[in-house]
Amino acid sequence: MSYSKFDPGIAATLVITLLLYACDGGSSGGGKNRPAQPPPGNPTIALASVFPGVSFIGLLGLLQAPGDSSRWFAVEQRGMVWVFDNDPNVATATLFIDITARVDSGSNEAGLLGMAFHPDWGTNGNFEVFLSYTRTGAPLESYVSRFYSLDNGATLDNSVEDVIMTVLQPSGNHNGGNIEFGPDGYLYGGWGDGGGAGDPQDNAQNTWNLLGSFTRVDVDGGTPYAIPANNPFAANGVCTQGVGGAPCPEILAWGLRNPWRWSFDNSTGDLWAGDVGQGAIEEVDVIEPGNNYGWRCREGSTVFDNSGNCPAGLIDPITEYDHGVGRSITGGYVYRGSAIPDLRGFYVFGDFISGRIWSLPATSGTGSAADELLDTSLLISSFAVDNDNELYVLDFAAGNIYKIIGAP
């Protein structure tokens, strides 16, 4: 498949999405004072085009299955996942699953937004995948569902969908939607504040709903899930469609605006998130249980709106940058690969609008400055990591994939 299949309707959606990202990003933040250690090195990088024989429409994600480095899975916003061989000369991708009929991808930042393999994928007959998407209907609603492969992982069956969680979305933007399994085996989700400039309903400070929060649930411990005992509000009743009569026990942390792409450091287990800013500041946070990352009271470390519920103890970002250098942060990964020794131990992230890529040591404390690694012309929708911990960059505009390599 290639951009020769790009049609005017998808092109229009792309233009709308770009305008909305440029005019109305998202921010909230946090982090902790991390141990003071010298930076691992002085990294310099370049990008190498990889898999030029395939490209994708609205490319938002790229994954390898646990324990299987032979294939890649490409996630398209419209509701398709494609699989292709991990071969630089690959020329075709085959359909892994198509759920476009139930996905609403036309509302700005809606669509198929996240995918996670069960940690036991390929073990003892387990071939389960979790998809996060916004579903067609009124109002818009985020779904996290479990799907199964009936052919040992060759494809995913779309006829059986076990719904795990739903979250009502007041608007078409700030949906978040990334999902990942943590090192504890629990499924994490990152959710935006529900949209609308300035979080008009103050959702991110309201723990009685899931908007503007990170959630953590045990999908193997109950139906549809159990609540981990150390979640901040674990004793409360579960929330329905993302709303409850008390603080939601699914919540791990809150005060986020639109955490667009986040990941776990596979060395320390820390959860690093890029939270998209409102109109001035983009930020990087390290997410910890029970923390409030400040939105809408603060955008980054700056006061935004103190008219609502603004408690003490709000967490400052690890780093932030203003809209003079970027307008919509894309969270990345702490590099733990071996090909670029000087980059090892650095958190790498980028900006969707400006195409810039930055890094800072994973040992950084709050208020640290990031260093620019590269200024690109890409629309960076996501980063990706392979099973060898090497990093990749996804270009939303052309649907192409680039590998981060050491500068020549």
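Given the stretch 225-309, what strands (runs of 3 or more DSSP E) lie entirely inside it while holding 1 or more residues that are over 15 Å from G190 (Cα atoms), in contact (Cβ under 8 Å) with a residue 12 or more places away in the chain and of a type in the set (A, V, I, L, M, F, W, C)? Walk me through how you get there before you give the answer.
Values: elements: 251-254, 259-264, 271-275, 281-287.
In the stretch 225-309, the matching strands (runs of 3 or more DSSP E) lie at 281-287.
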Task: Filter result for V83 (among the β-branched types (V, I, T), on the phi < 0 side of the Ramachandran plot, buried (at least 22 other Cβ atoms within 10 Å of the Cβ) and not in a loop (DSSP other than H, G, I, E, B)) - done: no
Task: Qualifying residue in the stretch 220-242 (condition: at pLDDT 95 or above, hydrophobic (A, V, I, L, M, F, W, C), crowded, with 24+ Cβ neighbours inside 10 Å and closer than 11 Å to G290 by Cα) - done: no
- [ ] Considering (1) over 19 Å from L252 (Cα atoms); (2) in contact (Cβ under 8 Å) with a residue 60 or more places away in the chain; (3) not in a loop (DSSP other than H, G, I, E, B), say which one G331 fails and leave the rest.
- [x] (1)
Open item on the list: Just the residues that are buried (at least 16 other Cβ atoms within 10 Å of the Cβ), over 26 Å from G196 (Cα atoms) and either acidic (D, E) or modelled with pLDDT under 95 (or both), please, taken from the stretch 86-119.
Closed with: D98
Task: Positions within the stretch 174-226 being farther than 17 Å from P139 by Cα, touching an Asp or Glu at 6+ places or on another chain (Cβ under 8 Å) and among the acidic types (D, E), in sequence order - done: D199
- [ ] Sort out which residues of the stretch 340-380 are touching a helix residue (DSSP H, G or I) at 6+ places or on another chain (Cβ under 8 Å) and under 15 Å from D265 (Cβ atoms), and write them in order of number.
- [x] S359
Open item on the list: Checking the structure you have, find out if any residue of the stretch 198-218 is of a type in the set (G, A, S), under 17 Å from V276 (Cβ atoms) and more than 20 Å from the chain's Cα centre (by Cα).
Closed with: yes
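Looking at the stretch 86-115, which of its residues are part of a strand (DSSP E or B), of a type in the set (A, V, I, L, M) and touching a Leu at 6+ places or on another chain (Cβ under 9 Å)? Can you show your working first?
Narrowing the stretch 86-115 to residues part of a strand (DSSP E or B): 94-98, 103, 112-115.
Adding the requirement that they be of a type in the set (A, V, I, L, M) leaves 95, 97, 103, 112-113, 115.
I97, V103, L112, L113, M115, listed by residue number.
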- [ ] Please work out if L314 is in a loop (DSSP other than H, G, I, E, B), in contact with a Phe, Trp or Tyr (Cβ under 9 Å, 6 or more places away or on another chain) and not β-branched (V, I, T).
- [x] yes
Task: Odd one out for G196, checked against (1) surrounded by fewer than 24 Cβ atoms within 10 Å (Cβ to Cβ); (2) modelled with pLDDT of 95 or more - done: (2)
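The values are calculated or read from the model by the stated rules, or taken from the named source; none is laboratory data. All of these numbers come straight from a predicted model, not from anything done at the bench. Note that each Cβ is placed from the backbone with ideal geometry, even for glycine, and that neighbours are counted across all protein chains shown.
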